[in-house]
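S.K.: Could you have a look at this structure, given as structure tokens, before my questions?
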């Protein structure tokens, strides 16, 4: 195969990848669990505002994979500071007291996401809306 063919194939491959990513980006332009930026953030390839990422997680069917099995330090690297039970609103404390009393928990920023820990690792991600 001559060098010119190899160069043409490489250019065509780059063009195809660019078109595919472009189509993906324009198909899911806003904050969306299928959007390019969020998917890349989940994979650790893009730095996204944690507040925005946490809000997009509500629609992500596989959001538990972002949390379960991780340590508190690993979660802080991904989401920033995690709040203790004493730092959240009374609403979230009431929900905690109903179902998870006695469990070690942290909350992701000022969001309705509560992480339940078991032996130092996240074991459950709970959306504390309408508990």
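The numbers here are math on the coordinates, done by the rules we state, and not lab data. Fair warning: this is a prediction, and the values are worked out from it, not measured in the lab. Using ideal geometry, Cβ is built from the backbone for each residue, glycine included, and neighbour counts are taken over all protein chains shown.
S.K.: May I ask you to compute the full-extension gain from residue 6 to residue 18, defined as 0.36 nm times their residue separation minus their alpha-carbon distance, rounded to one decimal in nm? Display every interim value, and only then the final one.
M.R.: Numbers: separation 12, 0.36 × 12 = 4.32 nm, distance 1.84 nm.
So the chain would gain 2.5 nm between residue 6 and residue 18.
S.K.: Now, a different point. With springs only between Cα atoms under 10 Å, which of 115, 14, 56 fluctuates most in a Gaussian network model of the chain?
M.R.: Maximum fluctuation in the GNM of the chain, among the listed residues, is at 14.
S.K.: Taking 0.36 nm per residue of sequence separation and subtracting the Cα-Cα distance, how much length would be gained by fully extending the chain between residue 28 and residue 84, in nm to one decimal?
M.R.: 16.7 nm
S.K.: In what sequence do 65, 101 fall when counting other Cβ within 10 Å, fewest first? Working shown, then result.
M.R.: Working: 65 12, 101 8.
Result, fewest neighbours first: 101, 65.
S.K.: Per 10 Å bin, what is the whole-percent P(r) computed from every C-alpha pair distance within the chain?
M.R.: Final binned percentages: 11, 35, 24, 14, 9, 5, 2, 0.
S.K.: Would you mind checking the radius of gyration and Dmax of the stretch 1-57 based on alpha-carbon positions, in Å?
M.R.: Gyration radius and largest Cα-Cα distance of the stretch 1-57: 16.0, 52 Å.
S.K.: For the stretch 67-101 and the stretch 1-59, compute the distance between their C-alpha centroids and round to whole Å.
M.R.: Their Cα centres are 31 Å away from one another.
S.K.: Another question, if that's okay. So for the pair residue 47, residue 65, with labels modelled 7 Å out along Cα→Cβ, what separation do we get in nm?
M.R.: Once both label points are built, they end up 2.5 nm from each other.
S.K.: Highest GNM mean-square fluctuation, the chain, Cα pairs closer than 10 Å: which of 48, 12, 40?
M.R.: In the Gaussian network model the winner is 12.
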